[in-house]
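The values are calculated or read from the model by the stated rules, or taken from the named source; none is laboratory data. As the structure is a computational prediction, the values presented were derived from the model and not from experiment. Ideal geometry is used to build each Cβ from the backbone, glycine not excepted, and the neighbour counts take in all protein chains shown.
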Amino acid sequence: MSAFQDFGPLSERRRAEKQQNQRKRLMVAGASVSVVLILAVVGVATSLYHSNKPTLAAAGEDGHKPASNELHTSVKYIKTMCSATDFKEACESSLSKVVTGNKSSDPKEIVRAAVSVIASAAKKGFQHADGFVKSDNPRVKSAISLCKSLFDEANEELQLALSRIDVHKFEDLPNHKDYIKNWLSAAMHYQVMCIDAFPEGEEKTKMKEAMKHGKQLTSNALAIIGAASRFLSLIGHQRNLAEEKEKPTVSFPRDGLPTWVTAETRRHLKEQAKKKLTPNVTVAKDGSGDFRTINGALNAMPKKYTGR
């Protein structure tokens, strides 16, 4: 018998144990991979959920953006007012930026915006003159100095126009349009004077271009203020239609009386209806009643009267 035969069963047991250990390690490794995959899937899903959450919050639970009635109304007012201007694109663009910022549907705020946007545009135009400060031409230097003082004058006129708009209701603006138009016309005149102060040449051409936007906005504001009465009528009509749609309807129960009639009055009327009522007086235009007119019946009514 070989000296190694006694170790045969032992070797086989060790081999079996080794295989079993290998299977355990494979099972543990497989389980670990599964856990990692599950965690990865959960992480991706969580990331997608949080990345979509702000969009849903901004758009609403159903994924649609919530409608802004005020903004929609403001856009309608802007289009109505800008329809009277010569530079409609500049009008709608400048006013839309202001209205989007404050989201106001008050038509007076839109009129105010039409004037307020002039100031920044005109300022850029007037300040363009500073670019020619190195010129040796004495007429150019004189024009630069004049434009600085004209800007102060134009800005003062615009502030007067804004103050008049601020202290009055939209419905009252037509009564003050002449004052506002005078101030706006003065602001326009100062812009033109600044351009004309420059001699013919490159400087004047550049100043015309720089002043172009401010002059367009001033022209638009003049047109809007001039048509204030017409806008008041149009916008008032739109408001009345909107209020008419929202006005609650009066319902009538089975007894035929409106819902606002109190229970006590309702009971009293029903009791009187069961009786044969005799009128105190009758009014008939043809003379068949006690009086021909309602005023006659009221005048004949005693000063002290008990009853309904």
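Points to keep in mind about this one:
- Restricting the range 130-146 to residues that are part of a helix (DSSP H, G or I) and touching a residue at least 60 places away in the same chain (Cβ under 8 Å) leaves a set whose member that is farthest from the chain's Cα centre (by Cα) is Arg139.
- All conditions but one from (1) buried (at least 19 other Cβ atoms within 10 Å of the Cβ); (2) in contact with a His (Cβ under 6 Å, 6 or more places away or on another chain) apply to Ile165; the one that does not is (2).
- Residues of the range 207-225 that turn out to be basic (Lys, Arg) and surrounded by 20 or more Cβ atoms within 10 Å (Cβ to Cβ), as a count: 1
- Beta carbons closer than 8 Å, at least 6 apart along the sequence or on distinct chains, pair a first residue in the range 72-85 that is of a type in the set (D, E, K, R) with a second that is modelled with pLDDT of 90 or more for Lys79/Glu92.
- Those residues of the range 262-300 which are part of a loop (DSSP other than H, G, I, E, B), modelled with pLDDT of 75 or more and at negative phi, in sequence order: Asn280, Val281, Thr282, Ala284, Lys285, Asp286, Ser288, Gly289, Asp290, Arg292, Thr293, Ala300
- Scan of the range 122-168 for residues that are within 26 Å of Ala221 (Cβ to Cβ) and among the basic types (Lys, Arg), ordered by number: Lys123, Lys124, Lys148, Arg164
- Failed item, numbered, when Tyr179 is tested on (1) surrounded by fewer than 20 Cβ atoms within 10 Å (Cβ to Cβ); (2) over 16 Å from Gly226 (Cα atoms): (2)
- Once the range 194-246 is narrowed to residues that are out of contact with any helix residue (DSSP H, G or I) (no Cβ under 8 Å at 6 or more places or on another chain) and among the hydroxyl-bearing types (Ser, Thr, Tyr), the residue that is modelled with the lowest pLDDT is Ser233.
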